[in-house]
Amino acid sequence: MTDTADPAVEIRPIQPADAAGFRACLDAVARERRYLAQVEALPLERIEGFVAQSVADDAAQYVAVADGVIVGWCDVFPHWAHAVQHVGTLGMGVRADRRGRGIGERLLRATLAHALKNGIFRVTLEARADNLHAIRLYEKLGFRHEALARCALRFDGVFHDGVQMALLQGPAAQA
C-alpha cells in the first residue's frame, strides 16, 4: 500500500442520491468474502433508507467518488445507549481496483473529523487479523490494539481472528 493520494477522487459526505452507488461499492467489497462480515449488500430499498437516515442524522458517513462512481466509503455510527453515546463503530471499504492510492486514509481522516464534531470521542473497529494493510492504516491514524478476538469471523467454514482496535480523540484522548 502506498501513501500516494489520488487527486481525481473526491471525498465527501454521502447524499441520498448516492444510495445505489454506495450499495454497488459495498456489494463489491462484501463479495470478496474477506474484509467485511457480510458477504453481500442489503437490498437497495434498505440501503436507501439507511442512507436517508444517515443524512438526516448528520452521521459521519463519507464516500469516495471517481468519475461519478463511488469507489469507497467510511462511516462511524454512534452507540445509542446514554453512557456510550460518545463511542462509535467504524466501517469502511475501498474497491479492489482503487486500493493503495491513499483513498482509505483520506476517507478515514474526513470521517473521524466529522465523528469528533458529532461528539464521538472513542472510535472502535474490528479488522480481520490478516488484513495487514488496513491494520497499518488504522495504526498510522492513531488506533491502538485492544484485543485479539479468536475465531471472530468465519468464511466458507474457515475461522479468522479479529483485531479489535480503538482511537481516543477529543476529551477522551486526554483522559
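What follows draws every value from the coordinates through simple rules; no lab data is involved. Everything quoted here is computed from the prediction, not taken from an experiment. Heads up, the Cβs are rebuilt from the backbone with ideal geometry, glycines too, and the neighbour counts pull from every protein chain shown.
With charges set only on the Cβ (+1 for Lys and Arg, -1 for Asp and Glu), what does the dipole of the chain come to about its Cα centre, in debye to the nearest 20?
Computed about the Cα centre, the dipole is about 380 debye.
Using 7 Å Cα-to-Cβ label points, what is the residue 124/residue 69 separation (nm, one decimal)?
3.6 nm
Within the chain, which is the longest segment that contains none of the GluC sites (Glu not before Pro) sitting in a DSSP loop with at most 15 other Cβ atoms within 10 Å?
Free of exposed loop sites, the longest segment is 41-175.
Please list, short to long, the whole-number percent of alpha-carbon pairs of the stretch 125-175 in consecutive 5 angstrom bins beginning at zero.
The calculated distribution, bin by bin, is 5, 21, 25, 20, 13, 9, 4, 2, 1.
What does the convex hull of the Cα atoms of the stretch 9-174 come to per residue, in Å³, rounded to a whole number?
Spelled out: Cα convex hull of the stretch 9-174, divided by residues, is 117 Å³.
Can you report the principal axis dimensions of the stretch 1-98 using only the alpha carbons, biggest first, rounded to whole angstrom?
40, 30, 27
Quick one: length gained pulling residue 20 to residue 117 fully straight, 0.36 nm per residue minus the C-alpha distance?
Length difference between fully extended and current span is 32.2 nm.
Just how far, in whole angstrom, is the stretch 65-99 from the stretch 113-175 if you go by their alpha carbon centroids?
So the two Cα centres are separated by 12 Å.
Between 102, 49, 91, which gets the highest mean-square fluctuation from a Gaussian network model of the chain, Cα cutoff 10 Å?
Residue with maximal mean-square fluctuation among 102, 49, 91: 49.
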